[in-house]
1. Which FRET efficiency value, to the nearest 0.05, do you get for A10 and S71 by plugging their Cβ-Cβ distance into 1/(1 + (r/R0)^6) with R0 = 45 Å?
2. Working only with C-alpha atoms, what are the Rg and Dmax values of the chain, expressed in angstrom?
3. So how many Å³ per residue does the convex hull of the Cα atoms of the stretch 1-60 work out to?
4. With the other protein chains left in place, how much accessible area per residue, in square angstrom, belongs to the chain at a 1.4 angstrom probe?
5. Return the carbon/sulfur percentage of the accessible area of the chain, one whole number, probe 1.4 Å, all protein chains in place.
6. In whole angstrom, how long is each semi-axis of the equivalent ellipsoid of the stretch 75-143, when you take the square root of 5 times every eigenvalue of its Cα gyration tensor and sort them from largest down?
7. Amide H to amide H under 5 Å from V96: which residues, 5+ apart in sequence or cross-chain, H placed 1.01 Å off N in plane?
8. So which trypsin sites (Lys or Arg not before Pro) in the stretch 78-167 pass both tests, a DSSP loop state and at most 16 other Cβ atoms within 10 Å of the Cβ?
Amino acid sequence: YKSIVRKLRALRPDISLSTDFIVGFPGETDADHALTMKLIDELGFDASFSFIFSPRPGTPAAQLLDDTPASVKLQRLQQLQARIEDNARRISASRVGTVQRVLVEGPSRKASPEAPELMGRTECNRIVNFAGPPQLVGQMIELRISQALPHSLRGEWSGSLAAAAANENAETAF
């Protein structure tokens with residue numbers, strides 16, 4: 001798996017990696033958890049769905065001895081989520097000042113009639129909120145990233161509707 005990620009990063013250094021983690025699986029040791037944390041650091045995951053193990057009736061794992069205290073499982077989960085959040089913040093901060101291609105999805109959740117905003121996603125699935133006309137919805141545009149927030153980016157659009165439409169038409173011609 002690590003070899004595949006290294007090859008992907010060689011081709012796309014800014015690739016975003018998401019994963020799933022279950023912490024506190026029966027028999028998980030402190031050493032096992034440390035290896036999981038090392039993997040997060042090595043591969044640079046910046047998003048995850050992570051949960052504390054819970055037995056499901058009828059599964060082999062439901063029969064395993066689970067002697068790890070709930071407080072240890074919770075501490076491990078919080079440590080893992082904090083590490084991934086740190087990775088996400090660092091990666092987002094590295095985007096400030098860059099120009100990112102963004103698919104405009106629609107109005108931002110932060111939008112209001114007094115301050116209309118749009119929301120889109122970068123090629124690495126980061127949310128970007130920015131001021132722009134509603135005609136941009138559904139188009140790929142370029143935004144200069146001006147700020148990294150905890151769970152999104154702020155961008156600035158300086159294009160014209162004609163240029164955005166021409167860019168979109170050129171992309172769909174292939």
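1. Here the calculated transfer efficiency is 0.60.
2. Cα radius of gyration and Dmax of the chain are 20.7, 64 Å respectively.
3. 103 Å³
4. 61 Å²
5. 58 percent
6. 28, 15, 10
7. none
8. Hits after loop and neighbour filter: R109, K110.
The values are calculated or read from the model by the stated rules, or taken from the named source; none is laboratory data. Quick caveat: nothing in here was measured; it's all calculated off a predicted structure. All Cβ positions, glycine included, derive from the backbone under ideal geometry; neighbour counts span all protein chains shown. Please note that ligands, DNA and RNA were not included when accessible areas were found on the heavy atoms of the full protein model with its side chains. Shrake-Rupley method; radii C 1.70, N 1.55, O 1.52, S 1.80 Å.
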